[in-house]
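The values are calculated or read from the model by the stated rules, or taken from the named source; none is laboratory data. As the structure is a computational prediction, the values presented were derived from the model and not from experiment. Don't worry about glycine lacking a Cβ; one is built from the backbone with ideal geometry, like all the others, and counts go over all protein chains shown. We work out accessible area using only protein heavy atoms, side chains counted, and drop any ligands, DNA or RNA first. Shrake-Rupley method; radii C 1.70, N 1.55, O 1.52, S 1.80 Å.
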Amino acid sequence: MVHSLEGKVAIVTGGSGGIGSATCRVLAERGAAVVVADIAAERAEALAGELKAAGGRAVAVALDLGEEASVKAMFAATLKAYGRLDIIDNNAALLTPEMAQRDLDIGRMETDVWDAVFRVNVRGAMLCCREALAIMEGQRSGVIINTASNLALQGNVIQAAYSASKAAIIQMTRSIATSHGHLGIRCNAVLPGLTGSRSALEHLPPRLLEIVREETLTPYLGDPMDIAHTVAFLASDEARYITGQAIAADGGTSVHIPGYARLRELFSGE
Ligand SMILES: NC(=O)c1ccc[n+]([C@@H]2O[C@H](COP(=O)([O-])OP(=O)(O)OC[C@H]3O[C@@H](n4cnc5c(N)ncnc54)[C@H](O)[C@@H]3O)[C@@H](O)[C@H]2O)c1
């Protein structure tokens, strides 16, 4: 077992979701005390109970990223429980079935959809970064990991608000890395491709899943553990020279021209 995070304190927002719960499990296995923060408070409690039963250290905190007071309360609860903060994984995002149906293209964008997505995904993550920095500045150390998406890099016919919100996350990541690196604080963004999390598998049309499979360069689609391991690496001291980066864990979907991977059929000689 790897104990690369022994003694560290980590918050995971959206910690009871697909990627978030996998991340909480990996961080706890590696020795971190984990704050499982989620709007789904019961699920967060259940996961914190599971982590403790497995011998880890964990607390659950009810969090609504849309509410500044709730964000501040999460940091207060973290300090009360553990007295410090070493890692925050800003993983939560607004991914409800309603948003999946209403976040379409800009031509059809309803203002309340845009505002709701930005309120949680961008403003919420900014509040978490700001409050985390206030603690980490005093400690002169800390790691922030923000969750973007490969959709931050590529156009899509739908999810225009979501994609723009994730692009904003990448730029915020670079800003923080630049302004706070000298204080011993690192900030990176992880860009998941499609992973088999609950929200991805339940709400996406089967045809879309087929297309993603065709464009993924690895012979398999990723799952939440692939993102959790990337986060755990970025959180560890092994990644101490990596900051300001947007690191895709997407099976290579974002690095090639769609359709071109299949051109190998033309040149394989078969
Ligand atoms: N799964 C994928 O294919 C994929 C691809 C690219 C990026 N991502 C990103 O990875 C992250 C995790 O996604 P996931 O697939 O695990 O989704 P998920 O829906 O399983 O998890 C999201 C979690 O965020 C929580 N949440 C939502 N609104 C909140 C709020 N206002 N305050 C606090 N918590 C809130 C939800 O309760 C949920 O537990 C997201 O940032 C998502 O955009 C996922």
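Projected area of the chain, taken from the Cα convex hull and averaged over every viewing direction, in nm²?
Details: hull surface 61.8 nm².
For the chain, averaging the hull's shadow over all directions gives 15.5 nm².
Each part reduced to its alpha carbon centroid, the range 1-74 and the range 206-267 end up 25 Å apart.
When the chain is described by a simple charge dipole with +1 on each Lys and Arg Cβ and -1 on each Asp and Glu Cβ, the residue from LEU104, LEU183, LEU201 located farthest towards its positive end is LEU183.
The label-point distance for VAL255 and GLU6, in a model that sets each label 7 Å from Cα toward Cβ, rounds to 3.4 nm. With a Förster radius of 35 Å, plug the Cβ-Cβ distance of ILE158 and ALA81 into 1/(1 + (r/R0)^6) and report the FRET value to the nearest 0.05. Step by step, r from the Cβ atoms, then E = 0.30. When the residues PHE233, PHE267 are ordered by accessible surface, computed with a 1.4 Å probe over the protein chains alone, the sequence from largest down reads PHE267, PHE233. Helical runs (DSSP H, four residues minimum) scored at -39500 (n - 2.57) apiece and divided by the length of the chain put the mean residue ellipticity at 222 nm at -13500 deg cm²/dmol.
The GluC sites (Glu not before Pro) of the range 70-148 that meet both conditions, a loop assignment by DSSP and at most 12 other Cβ atoms within 10 Å of the site Cβ, are GLU110.
Carbon-plus-sulfur accessible fraction, the range 9-251 (probe radius 1.4 Å, protein heavy atoms only): 56%.
ARG213 contributes an accessible area of around 140 Å² to the protein surface, as traced by a 1.4 Å probe with all chains present.
If you take the charge dipole of the range 9-251 about its Cα centre, with +1 on Lys and Arg Cβ and -1 on Asp and Glu Cβ, which of ALA58, ILE39, ALA134 is farthest toward its positive end? The residue sitting farthest along the positive end of the dipole is ALA134. Cα centroid separation, the range 144-198 to the range 91-133: 13 Å. Of HIS203, HIS182, HIS3, HIS229, the order by accessible heavy-atom surface (1.4 Å probe, DNA, RNA and ligands excluded), from most exposed downward, is HIS182, HIS3, HIS229, HIS203.
With charges set only on the Cβ (+1 for Lys and Arg, -1 for Asp and Glu), what does the dipole of the range 76-147 come to about its Cα centre, in debye to the nearest 20? Numbers along the way, then the final one.
Working: 8 positive and 10 negative charges, 71 e Å.
Here the size comes out at about 340 debye.
What you get for the range 9-251, charging only the Cβ of Lys and Arg (+1) and of Asp and Glu (-1), is a dipole of about 660 debye around the Cα centre.
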